[in-house]
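Following: one structure in structure tokens, then a few remarks.
The values are calculated or read from the model by the stated rules, or taken from the named source; none is laboratory data. Because the structure is predicted, anything quoted here is derived from the model rather than measured. Backbone-built Cβ (ideal geometry, glycine too); neighbour counts: all protein chains shown.
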Amino acid sequence: MIAMVSGTVAVRRGDHVVVDCGGVGYRLAVSGETLRHVPAVGKHVLLHSQLVVREDALALYGFATEEERELFLMLIAVQSVGPKVAIAVLSGGPPRELLAAVAAGDTARLQAAPGVGKRTAERIIVELREKVGATATVPPVLAAIRSEDPRSLARDGLLGLGYTAVEVDELLDGAEGDKPEDLIAYALRTARR
């Protein structure tokens with residue numbers, strides 16, 4: 001398996017990049033999120049990669065982070081989600097936000113990706129929610145301490161997702177709701193804008 005590609009960016013397009021590695025150009029399909037991290041043509045890049053073997057093709061997919069590659073692998077393990085749909089989902093934002101959306105059951109966030117309908121979004125959530133719950137840390141935090149103030153629980157949950165204290169305060173500014181889940185959902189919708 002080709003686990004990593006490192007070299008000079010030869011081509012940079014909306015859905016793929018070509019990386020020149022010692023005279024050989026590797027074409028990697030990438031998400032919009034990864035493309036934001038790929039430098040201009042002629043600059044050095046290092047991408048984590050995944051080779052997908054089909055009967056009629058060998059396709060190489062590139063990722064800015066190992067976390068994004070792992071989420072890609074989880075997504076393509078879901079029934080009826082292929083690599084193209086997985087890349088479309090990954091284009092929807094940073095992996096931590098997508099993991100939080102799955103953990104929160106936010107089908108609308110997943111449906112925003114081209115090719116993802118309501119059924120596919122629901123299937124992704126059903127099949128990945130348990131796997132993602134440990135990664136996203138929001139549900140266990142909320143389940144463990146229900147008696148605390150909802151705003152502080154939401155704040156702790158967002159901090160657990162990797163947001164800074166300043167970002168959390170901005171995201172929760174103007175949020176209304178009696179439950180931490182509602183406040184977190186509001187914050188994640190705000191972060192998407």
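Observations on the model:
- Residues that are more than 12 Å from GLY62 (Cα to Cα) and charged (D, E, K, R), drawn from segment 1-37: ARG12, ARG13, ASP20, ARG36
- Selection status of LEU73, in contact (Cβ under 8 Å) with a residue 40 or more places away in the chain and among the hydrophobic types (A, V, I, L, M, F, W, C): no
- Taken as a whole, segment 26-34 holds no residue that is crowded, with 21+ Cβ neighbours inside 10 Å, assigned to a loop (DSSP other than H, G, I, E, B) and in the same structural domain as LYS131 (by TED's automatic domain parsing).
- Which listed residue is part of a helix (DSSP H, G or I) and without any contact (Cβ under 8 Å) to a residue 40 or more places away in the chain, from VAL102, VAL116: VAL102
- Residue identified as in contact with a helix residue (DSSP H, G or I) (Cβ under 8 Å, 6 or more places away or on another chain), over 23 Å from GLY117 (Cβ atoms) and among the charged types (D, E, K, R) among GLU67, GLU55: GLU67
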